[in-house]
Amino acid sequence: MSSIQGKVVVITGASSGIGEATARLLASQGAHVVIGARRLERLEAVASVIRSEGGSVVSHRLDVTELEQVQEIIQLAMSQFGRLDVVVNNAGVMPLSPLAALKIDEWNRMIDVNIRGVLHGIAAGLPIMTEQGFGHVVNIASTAAYTAGPTTAVYSATKYAVRAITGALRQEVGQQHIRVTLVSPGVTESELAENISDEATKQYVVNEYRRQIIPASAIAGAIAYAIAQPDDVDVNELVIGPTAHI
Ligand code: NDP
């Protein structure tokens with residue numbers, strides 16, 4: 001049997017967008033959510049909304065590029081609730097630009113957050129899940145994990161990497177009753193495009209590419225669906241986007 005009620009779910013990048021929507025939805029369905037991100041004020045605001053709706057939540061400042069901090073939030077979940085059911089590796093950044101712009105700091109930041117951050121979530125959660133004999137890793141990739149185009153080279157590369165890591169992990173840990181799911185959103189309402197520093201790219205993304213957009217709650221619903229399946233059912237991969245997207 002499986003459902004969401006009573007599950008302990010750690011969510012990275014829960015101060016806005018998809019992570020916030022996921023925390024709120026799972027908490028409303030009876031999960032204990034442990035939420036992390038760097039902007040503590042925003043995180044606390046999410047936590048107080050969840051509490052006001054009667055949900056169970058613990059918030060903790062988190063930078064996923066630091067393994068120790070990811071281990072710390074997982075340990076916090078264990079000390080508060082005594083088990084770890086799900087880690088949602090959601091934190092991500094998307095400062096798109098053409099390669100020729102040589103925004104090397106931004107390339108490195110995407111690699112650090114989008115790839116290393118996911119690996120850190122796995123490194124922190126997997127030993128506990130293996131010991132428990134159950135668990136679920138949900139990694140958030142993107143439709144950019146399936147195709148790359150102008151300005152998306154590095155972002156897509158990081159999301160292809162998340163897809164590769166997720167597929168390999170699933171084959172490694174299934175026998176230990178650990179489920180592994182890849183969730184790939186298409187264009188979704190969030191703050192993701194706000195950190196694009198290349199002006200022409202930002203204009204295109206905001207005015208053209210993101211004209212058809214789905215709410216973050218749509219992705220939260222997909223994550224909840226995967227978590228709610230029976231323990232012996234692994235939702236391998238979900239791709240969700242706007243119906244009318246170009
Ligand atoms: P948001 O920008 O709204 O949310 C990103 C979250 O990641 C924020 O909570 C941010 O919090 C957190 N974050 C960023 N860097 C770090 C870090 N170093 N450590 C911890 N947390 C961090 O965007 P989305 O909700 O859209 O993004 C969530 C995921 O969905 C990302 O992986 C993104 O790539 C993916 N995605 C989104 C799509 C979309 O159209 N929105 C499409 C495809 C995929 P803080 O700044 O407080 O640390």
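Read-outs: derived from the displayed coordinates by stated rules, not from any lab. No experiment lies behind these values; they were computed from the predicted model shown. In this analysis, Cβ positions are derived from the backbone assuming ideal geometry, glycine residues included, and neighbour counts consider all displayed protein chains.
Please report the antiparallel percentage of the DSSP beta bridges confined to region 8-232, to the nearest 5. Mind showing how you got there, number by number?
Numbers: 0 of 25 bridges.
Roughly 0 percent of the DSSP beta bridges within region 8-232 come out antiparallel.
Neighbouring Cβ atoms within 10 Å as the yardstick, rank E72, E191 fewest first.
Taking fewest neighbouring Cβ atoms as first place, the list is E191, E72.
Find the relative contact order for region 28-103 and round it to a whole percent, using C-alpha pairs within less than 8 Å whose residues are 6+ positions apart.
Numbers: 70 pairs, mean separation 20.4, N = 76.
Relative CO of region 28-103 lands at 27 percent.
Please identify the chymotrypsin sites (Phe, Trp or Tyr not before Pro) of region 33-139 that satisfy two criteria: DSSP loop assignment and at most 12 other Cβ atoms within 10 Å. Which are they?
Details: sites: F81, W107, F134; in loops: F134.
Within region 33-139, no chymotrypsin sites (Phe, Trp or Tyr not before Pro) qualify (loop, at most 12 other Cβ atoms within 10 Å).
Positive end of the dipole of region 86-181, charges at C-beta (+1 Lys, Arg; -1 Asp, Glu), about the Cα centre: which of L102, I122, Q132 has its Cα farthest in that direction?
Among L102, I122, Q132, the one farthest towards the positive end of the dipole of region 86-181 is L102.
Once the other residues with Cβ under 10 Å from the Cβ of A145 are scored (Lys, Arg +1; Asp, Glu -1), what is the net sum?
Net of charged neighbours comes to +1.
Using the number of other C-beta atoms within 10 angstrom as an exposure proxy, rank T147, T243, T158, T181 with the fewest first.
On the way: T147 11, T243 7, T158 27, T181 24.
Sorted ascending by nearby Cβ count, the order is T243, T147, T181, T158.
Within straight cross-link reach of K159, meaning Cα distance under 22 Å, which lysines are found once same-chain residues fewer than 8 apart are removed?
K103, K202
Could you work out [θ]222 nm for the chain from helices alone, using -39500 (n - 2.57) per DSSP H run of at least four and dividing by all its residues? Round to the nearest 500 deg cm²/dmol.
Details: 8 runs with 103 residues, N = 246.
Rounded to the nearest 500, it is -13000 deg cm²/dmol.
Would you grab the residues whose amide H sits under 5 Å from the one on I214? Only those 5+ places off in sequence or on another chain, please, with H modelled 1.01 Å from N.
T188, E189
Expressed as a rounded percentage, what relative contact order does the chain have, with Cα pairs under 8 Å and six or more residues apart? Kindly include the intermediate steps, with their values, before the conclusion.
Numbers: 511 pairs, mean separation 52.9, N = 246.
This gives 22 percent for the chain.
Percent of Cα-Cα pairs more than 29 Å apart in the chain, please. Write out the running numbers ahead of the final one.
Values: 7003 of 30135 pairs.
It works out to 23 percent of all Cα pairs.
What relative contact order, as a whole-number percentage, does region 102-214 give when Cα pairs under 8 Å and 6 or more residues apart are counted?
On the way: 115 pairs, mean separation 30.4, N = 113.
Normalised by residue count, the contact order of region 102-214 is 27 percent.
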